[in-house]
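The values are calculated or read from the model by the stated rules, or taken from the named source; none is laboratory data. All figures in this text were calculated on a predicted structure; none of them were measured in a lab. Note that each Cβ is placed from the backbone with ideal geometry, even for glycine, and that neighbours are counted across all protein chains shown.
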Amino acid sequence: MAALFDQYHSPLVDLRDITSAYLEPLLHEETEEWRTELNWDYRPSADLVRRFVDMRALTGFALPGQTEAAGYAYYVCEEGKGLIGGLYMGRAQRTIENENALLTGILDAMWRTPGTRRVEAQLMMLSSPLSRTMPYPKWVRTFPRKFFEVPLSEITSLPPRQPNVPISPWSENRQDDAARLVAAAYAGHVDSNINDQYRSASGARRFLTNIVQYPGCGTFFAAASCVAGPASGRGLYGVCLTSLVASDVGHITQICVAPAFRGTGLGYELLRRSLVVLREHGCRTVSLTVTASNTSAIDLYERMGFVNRRDFAAYVWEMK
């Protein structure tokens, strides 16, 4: 395996050896780019980076510039898997070579973590995401994805449907039911290759906990989240979860329907109801992400007015 800096000769700095002041201009630029490119308020995530860097608790690297960081990336490893939580390269030095210097440093560090065999990443600000070269090419798979957005000014034109199942607001006591639904809905689905938490109810439970408790996908917004299924007992037929990624921008963090209820209009109605509540809350737009090969979902979103705003990719490195 290549040594940490052999390929790009870049003097990466461990994030645990700096303070957030060294990253401050970069975090300011990153926050502004998320706002202008994706209508996303990145300030809560940037504040977490500052907090954990100053606690010497964030694992990752910075690429030095002349007076401050030119780029940075961070990661976590647990239960045999690594996750690249973020990577941002400032515009002035944004090249594939510089981004790959950070990626190589991160990957090398994770491969040295005992038990790590798989690494996942979805990096919205990575340049040329679908055509670039990537470190460790024999281990990596690239999954093209899309960032969709819909204006809510005309959402009332979507007619309601009445699926023959009850739909109710989200409740915390449905998390276990929702986890079982997610695992069933994504069995054999391409997205279970992107996120292996979808492959089991326990993994899906951790995924849902992250959505509800942490700001990576915005602030969870229970009021616009809904479930389909009996009011009590084990079992849900569909779920749509939402967050607020800015004061006037919503995001669909998860929508799925049990295999037996696909094609019934249930996914449409769950999504429509969430969009209506988000509009009533004052949101002007709503976004979601979808894998490019998931053509049935893309067809639904486009029929509901969503348009593609950005192409990006999910990456999975797996040692064979």
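Just a few scattered comments:
- Subset of segment 75-97 [closer than 19 Å to E33 by Cα and touching a Phe, Trp or Tyr at 6+ places or on another chain (Cβ under 8 Å)]: G85, G86, L87, Y88
- Check on C226, at pLDDT 95 or above, farther than 30 Å from L130 by Cβ and within 21 Å of the chain's Cα centre (by Cα): yes
- Test: residue in segment 100-112 that is at pLDDT below 95 and either in the same structural domain as N195 (by TED's automatic domain parsing) or not aliphatic (A, V, I, L, M) (or both): yes
- Consider segment 276-320 and keep the residues that are in a helix (DSSP H, G or I) and in contact with a strand residue (DSSP E or B) (Cβ under 7 Å, 6 or more places away or on another chain). The one that is nearest to S127 (Cα to Cα) is I298.
- If you check E269, E280 for being surrounded by 21 or more Cβ atoms within 10 Å (Cβ to Cβ) and over 28 Å from M134 (Cβ atoms), only one passes: E269.
- Residues of segment 46-73 satisfying the condition of being buried (at least 21 other Cβ atoms within 10 Å of the Cβ) and not aliphatic (A, V, I, L, M): G60, F61, G71, Y72
- When residues in segment 32-45 are screened for being crowded, with 19+ Cβ neighbours inside 10 Å and in a helix (DSSP H, G or I), 3 of them pass.
- Residues that are in contact with a strand residue (DSSP E or B) (Cβ under 9 Å, 6 or more places away or on another chain) and at pLDDT below 95 do occur in segment 24-44, at least one of them.
- Filtering segment 73-103 to residues that are touching an Asp or Glu at 6+ places or on another chain (Cβ under 9 Å) and under 22 Å from T113 (Cβ atoms) leaves A73, K81, G82, L83, I84, G86, L87.
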